[in-house]
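Novice: Take a look at this one; I'll ask things after.
The values are calculated or read from the model by the stated rules, or taken from the named source; none is laboratory data. Not measured: the values here are computed from a predicted model. Please note: Cβ atoms are built from the backbone with ideal geometry, for glycine as well, and neighbour counts cover all protein chains shown. Side chains included, ligands, DNA and RNA excluded: accessible areas come from the protein's heavy atoms. Shrake-Rupley method; radii C 1.70, N 1.55, O 1.52, S 1.80 Å.
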Amino acid sequence: MSRARWIALSLLAALSSGLPAAAQKPDLTAAALSAQWQVSAKAYGEQLPLASTLRDAAATLAPLGARLRAHDTNALAAVAKVLVTRGFQVDEEARIQVVVSGEDLDSELPKGFIEGYGGLRGSSWLNQHVVWMPADALEPLARALPAGYFVRPAWPLNEDATGGECAYAMNTVNYQNYGLKGQGVVIGIIDGGFSNLASAIASGDVPPVGQILSIIDYINTNFSATVAFISARGTSHGTEVFEGAADNAPSANYRLYRTGNAVDLGLAIQHAISNGVDLLSMSQSFYAPDTQTGPGDGWYDNTGLACLAALAAASNDIPFFVSAGNRAGSHWKGNMNYGPDADNEHDWEDGDEFLSINFNVGGGALFYLSWEPAASRDYDLYLWSAPTTNSVLFASSVNSTNNIYESFSYKPTVGGLPAWIQVVRRGGVPGPIELFVHANGGGVSAFEYPVAESSATSPSNADHPFVISVGAVNWTNYASSAGSTGIIESFSSRGPSNSGRVLPDICAPDGNTTFVGGGPFFGTSDATPEAAGATAAFWSSVPTMSASGIVHLVRYTSEALKDFGDPGKDNIYGHGGLFLYAYRTNTIWVDRRAGNTTDATDRPFYHMAAAQSNATAGGRTVILGQSYPEPIVLNKAQRIETIVNPARIAKP
């Protein structure tokens with residue numbers, strides 16, 4: 001039995017099956033713990049570098065510490081049940097997975113420090129440590145931490161999911177018909193689960209084992225995982241993502257990374273950098289509470305662990321395709337609004353201090369509130385059973401130090417349950433606030449007052465040309481003409497970022513039929529690997545092109561061929577829908593916007609004379625518009641084409 005990486009629901013099943021009938025009734029204990037949790041969910045007088053949701057867990061569960069360490073199975077089952085309801089990840093000894101986060105990314109905690117408080121250390125990256133901690137040791141650990149550290153929950157990863165149709169929609173099949181299927185390109189897939197991978201390989205829906213160069217499971221610390229091992233763990237989300245990429249690039253090689261948090265993400269990217277990965281694809285969202293390393297982290301572009309990881313890949317010339325997110329319908333952003341009564345309770349619109357949602361059957365969600373950093377600015381986040389503070393408090397987060405966010409997870413025991421979200425200002429000058437509710441698999445509906453603007457998630461806000469944020473357009477609408485509006489998927493997140501960056505960068509089709517899912521795979525989760533796979537197929541047609549040249553052409557051919565929405569890059573469709581220009585052998589590319597003033601052969605040419613010099617007789621030169629006033633002598637038989645926009649050649 002694995003000590004450190006159990007899924008809590010499996011734990012419950014295993015415990016229950018081994019108990020005598022009289023002991024298989026942890027519900028009364030779990031109910032009592034849940035009731036106690038409501039009492040402990042409050043603001044704390046003593047300030048500690050410990051998330052309030054963890055303080056709630058400590059206050060509720062500390063009295064059971066001795067029973068848990070004695071492996072009292074009834075207590076273990078009850079604690080596991082209440083922790084799962086609250087969204088925590090636990091191991092078989094009911095320890096909670098947390099991240100001990102250090103502001104100084106170059107420092108490290110002393111060896112044995114975590115273990116001295118009964119913790120079990122997992123992965124570490126940039127002074128961010130994934131740890132399994134007993135609930136009754138959380139406060140002692142927080143009190144003993146050196147200055148500059150904070151302990152937060154390691155919430156489960158946020159997947160962005162809601163056959164080969166998308167490869168047709170992007171014209172990748174045109175390249176495949178010429179044998180250009182991603183050969184020579186290594187694609188890294190980062191995800192939280194690859195269950196049923198063996199079945200997908202057997203069916204031929206993903207490449208065979210020989211093309212899967214490595215499988216690393218950071219969640220189970222298995223750095224040479226087998227197909228059988230990974231197939232039995234986690235969700236099938238990553239396998240469906242793999243199918244989307246492979247539909248476009250079936251001849252590429254792949255490396256699969258199973259990650260559980262932003263620390264694992266950083267380690268996966270370190271491995272990709274060192275092991276020849278050419279492209280990365282990730283269909284997961286991160287929020288400020290997932291990635292914070294210090295005060296104010298995660299609100300602005302290029303801050304937070306997810307951005308740091310993405311920028312590490314980008315700075316090593318690895319294009320990183322990331323999902324923009326599926327939060328357009330479950331996001332709110334705006335200024336703190338006192339409302340008509342001028343109190344400290346935020347009005348989502350004048351006169352309404354409670355934002356309503358509905359939990360679907362079996363559904364739960366993660367709730368993230370963040371705000372623009374400012375001195376002493378602080379807010380609290382609450383979830384109530386009715387639009388009044390006299391109702392039952394389902395969950396709350398009331399941190400008061402070292403952060404610009406509040407977060408909690410909640411999953412009710414019954415479906416169809418309404419709930420109301422409240423934000424209260426506790427200090428500082430009012431300013432912009434932002435709320436995300438992330439519910440995998442349709443766990444929440446009827447989000448009142450959604451604001452689609454600025455709903456793109458991290459690391460889309462990593463400001464680097466090689467970090468490519470991808471929105472989703474259903475493949476059935478993908479043939480729409482340039483300028484078409486209203487075809488973006490309703491859930492697809494939009495820009496701008498909190499620093500004003502236009503997002504997403506591009507769109508790609510979703511709704512691909514997958515073998516593992518048995519039907520259409522919707523979401524930016526699908527659009528992202530489709531874009532990465534199509535890019536790999538295109539790259540195999542110009543293998544000497546650098547990553548910089550490939551990324552430039554992907555962006556600007558999208559804008560030339562499928563510029564959905566407003567002209568140019570916009571906050572709904574980005575540059576437009578990725579679409580591969582019809583293949584022809586011996587094609588070279590010309591576009592002054594690539595900035596290749598020295599006319600290196602690994603990027604689109606800057607001067608027509610250099611393009612002519614490097615052209616192959618009988619080949620093709622494709623020009624993406626612009627003006628090329630320098631005189632030129634055309635002395636080779638070849639096709640010269642422009643995409644949509646005319647180009648001016650040899651004319652000032």
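Novice: Percent of accessible area on the stretch 503-652 owned by carbon and sulfur, 1.4 Å probe?
Specialist: Exposed carbon and sulfur together represent 53 percent of the surface.
Novice: Between S315 and T388, what length in nm is gained on full extension when 0.36 nm per residue of separation is reduced by their alpha carbon distance?
Specialist: Separation in residues times 0.36 nm, less the Cα-Cα distance, equals 21.3 nm.
Novice: For the chain, give the magnitude of the charge dipole about the Cα centre (Cβ charges: +1 Lys/Arg, -1 Asp/Glu; no others), in debye to the nearest 20.
Specialist: Using only the charged Cβ atoms, the result is roughly 1360 debye.
Novice: In the chain, with Lys and Arg counted as +1 and Asp and Glu as -1 at Cβ, which of these residues, G518, L76, M608, has the Cα nearest the positive end of the dipole, that is, farthest along it?
Specialist: M608
Novice: From the square roots a ≥ b ≥ c of the eigenvalues of the alpha-carbon gyration tensor of the stretch 490-602, which class results: rounded (a/c under 1.5), prolate (a/b over b/c), or oblate?
Specialist: It comes out oblate by the Cα gyration axes.
Novice: With the convex hull built on the Cα atoms of the stretch 331-381, state its orientation-averaged projected area in nm².
Specialist: That works out to 4.5 nm².
Novice: Would you be so kind as to identify which of N337, F286, S356 lies farthest towards the positive end of the dipole of the stretch 252-400, taking Lys and Arg as +1 and Asp and Glu as -1 on Cβ and the Cα centre as origin?
Specialist: F286
Novice: Further question on the same structure: Between E372 and S199, what is the label-point separation in nm under the 7 Å Cα-to-beta-carbon projection?
Specialist: According to this spin-label approximation, the distance is 4.9 nm.
Novice: Put a dot 7 Å past each Cα toward the Cβ at A228 and R426; how far apart are the dots in nm?
Specialist: About 5.1 nm, to one decimal.
Novice: Extension gain Y449-D352, at 0.36 nm per residue separation less the Cα-Cα distance, in nm?
Specialist: 33.9 nm
Novice: Towards the positive end of the charge dipole of the chain, with charges on Cβ (+1 Lys, Arg; -1 Asp, Glu), say which of M133, S251, S481 has the farthest Cα.
Specialist: S251
Novice: Before I look further, what does the chain give for accessible area per residue, probe 1.4 Å, in whole square angstrom?
Specialist: Per residue, the chain has an accessible area of 35 Å².
Novice: Give me the extension gain from T221 to S480: residue separation times 0.36 nm, minus the current Cα-Cα distance, reported in nm with one decimal.
Specialist: That works out to 88.7 nm of additional length.
Novice: Please find the FRET efficiency linking N614 to R593, where r is the Cβ-Cβ separation and R0 is fixed at 25 Å, and quote it to the nearest 0.05.
Specialist: Calculated value: 0.85.
Novice: For the chain, just list the percent of Cα-Cα distances falling in each 20 Å bin from zero outward, please.
Specialist: Answer for the chain: a P(r) of 19, 50, 25, 5, 0 percent.
Novice: Next question, about the same structure. Just grab the label-to-label distance for E630 and A70, each label 7 Å out from Cα along the Cβ direction, in nm (one decimal).
Specialist: So the two model labels end up 8.4 nm from each other.
Novice: In square nanometres, what is the average projected area of the Cα convex hull of the stretch 556-652?
Specialist: 6.5 nm²
Novice: Per DSSP H run of at least 4 residues, take -39500 (n - 2.57); add these up for the chain, divide by its residues and hand me the 222 nm value, nearest 500 deg cm²/dmol.
Specialist: Estimated from H runs of four or more residues: -7000 deg cm²/dmol.
Novice: Continuing with this model, one more query. Counting only protein heavy atoms and using a 1.4 Å probe, what share of the accessible area of the stretch 57-141 belongs to carbon plus sulfur, as a whole percent?
Specialist: Here it works out to 54 percent.
Novice: Give the distance, in whole Å, between the Cα centre of the stretch 210-265 and the Cα centre of the stretch 589-641.
Specialist: 40 Å
Novice: Right, next: Ignoring ligands, DNA and RNA, what percent of the accessible area of the stretch 173-279 is carbon or sulfur (1.4 Å)?
Specialist: 49 percent
Novice: Nearest 20 debye, what's the magnitude of the dipole of the stretch 322-403 about its Cα centre given +1 on Lys and Arg Cβ and -1 on Asp and Glu Cβ?
Specialist: 520 debye
Novice: Could I ask something else about it? May I ask you to list the GluC sites (Glu not before Pro) in the stretch 50-129 that are in a DSSP loop and have at most 13 other Cβ atoms within 10 Å of their Cβ?
Specialist: E108
Novice: Still on this model: Once each part is reduced to its C-alpha centroid, what is the distance from the stretch 424-467 to the stretch 564-581 in angstrom?
Specialist: 23 Å
Novice: Going Cα to Cα from K111, which aspartates and glutamates come in below 19 Å? Please leave out same-chain ones fewer than 8 positions away.
Specialist: E103
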